[in-house]
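To start, the structure under review is shown below, and the notes come after it.
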Amino acid sequence: MKTNSLAAWIVAVRPYSLGNSVILILVASALAWTDGAFHALPALLCLLFAVLMQCTANLVNDLWDYLKGADQPDRLGPDRAFAKGYITLGTMKAGIAAFTVASCAAGLGILAWAVRHDTLAWGGWELVAVGAACLLFAYFYTAGPWPLAYHGLGDVAVILFFGLIPVGLSYYVQTGSWDWEVTVAAAACGLVIDTMLMVNNFRDREEDARCHKRTVVVCFGAAFGRWGYLALGLAAVALCLSLLAAGRAWAALLPLVYLAAHIATWRKMVRIDHGDALNICLGETARNIMLFGALLTIGLLLG
């Protein structure tokens, strides 16, 4: 692969994972639509912000996991651009800076729209605080002196920043409110997206232990990874079932279809157990996440 080429950057931003950001905004917008408060422009800006922030986080992760010794050229997972030498150090740092600036620009667009349409309870400072938190997460998930992913907090961070915060804030920007149904949908999304991190950490448990990356699988063992993966999907579907209390029958029941796919992937993960063959489960998990997001979005729109 040509160094610093477009193909190299495509590898670096991990397009297979970007669907995670898409489903979060779709779910939030479906909730806003059913509440009669959907607005296309802020929804698109939230989508742009989410995707750009995820790209930023992926690039920081690509660089710093290599610098900390977690990603080597012979890693079990999909290729990492910096570890493979596809992108040089200076160019990677410039790319991280560019995606950071673009993310901030999208965030300012969201803030400007919300202030102009007076949808915010605290005049916009809440969005500034959340935007800053998202930026800190993108960097300190794997970078800095105390990276979250290296201290068993990666899963907590994913549930917050790939669940509660993007879904809740995307809904809040459009409606000016946040209720328990939004919290349930957001938490369910975060749990499902965390299945991708869990299968990654399960696959990499031996490499991570060697380089002192203390994921929950390293801390609690392979069995925790196996059962944790299953439990995340089950918990997400259970949360969706609580939407029956709000009269959202379709949103409560359609995610049950996801559960069949999730369990099938879990059984394959348990059977394979270790090695790069687990990348099959990673691909299926990405597919299952998209399935869950589509089913929940359709269910919300159906009422």
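The values are calculated or read from the model by the stated rules, or taken from the named source; none is laboratory data. Worth saying up front: this structure is predicted, and the values here are computed from it rather than measured. All Cβ positions, glycine included, derive from the backbone under ideal geometry; neighbour counts span all protein chains shown.
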So which residues in region 243-269 are β-branched (Val, Ile, Thr) and surrounded by 17 or more Cβ atoms within 10 Å (Cβ to Cβ)?
-> Thr265
Return the only residue of Tyr86, Tyr150 being of a type in the set (Phe, Trp, Tyr) and in contact with a strand residue (DSSP E or B) (Cβ under 9 Å, 6 or more places away or on another chain).
-> Tyr150
Residue count, region 114-151 (criterion: under 15 Å from Ser103 (Cβ atoms), among the small types (Gly, Ala, Ser) and surrounded by 15 or more Cβ atoms within 10 Å (Cβ to Cβ)) | 2
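When you go through Ala157, Ala133, Ala143, Ala149 one by one, which is the residue that is under 27 Å from Met198 (Cβ atoms), modelled with pLDDT under 95 and part of a helix (DSSP H, G or I)?
Values: Ala157 fails: modelled with pLDDT under 95; Ala133 fails: modelled with pLDDT under 95; Ala143 fails: part of a helix (DSSP H, G or I).
After ruling out the rest, the residue left standing is Ala149.
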Considering only residues that are buried (at least 17 other Cβ atoms within 10 Å of the Cβ) and of a type in the set (D, E, K, R), look in region 80-113 and name the one that is farthest from Pro42 (Cα to Cα).
-> Lys84
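Name the single residue that is surrounded by the most Cβ atoms within 10 Å (Cβ to Cβ) among those in region 181-196 being among the hydrophobic types (A, V, I, L, M, F, W, C) and under 13 Å from Ala235 (Cβ atoms).
Taking region 181-196 and keeping what is among the hydrophobic types (A, V, I, L, M, F, W, C), we get 182, 184-189, 191-193, 196.
Still in the list and also under 13 Å from Ala235 (Cβ atoms): 184, 187-189, 191-193.
Numbers: Val184: 22, Ala187: 20, Ala188: 28, Cys189: 29, Leu191: 24, Val192: 32, Ile193: 28.
It comes out as Val192.
Any residue at all in region 272-281 that is of a type in the set (Asp, Glu), part of a helix (DSSP H, G or I) and surrounded by fewer than 17 Cβ atoms within 10 Å (Cβ to Cβ)?
Yes, that holds for at least one residue.
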List pairs: first in region 180-203 and over 26 Å from Leu278 (Cα atoms) and touching a residue at least 60 places away in the same chain (Cβ under 8 Å), second among the aromatic types (Phe, Trp, Tyr) and in a helix (DSSP H, G or I), Cβ under 9 Å, 6+ apart or cross-chain?
-> Val182/Tyr171; Val182/Tyr172; Ala185/Tyr171; Ala186/Tyr171
With respect to Ala114, determine if the residue is part of a helix (DSSP H, G or I), touching a residue at least 60 places away in the same chain (Cβ under 8 Å), over 22 Å from the mean Cα position of the chain (by Cα) and closer than 30 Å to Ala30 by Cβ.
-> yes
Odd one out for Ala94, checked against (1) without any contact (Cβ under 8 Å) to a residue 12 or more places away in the chain; (2) closer than 27 Å to Asn288 by Cα | (2)
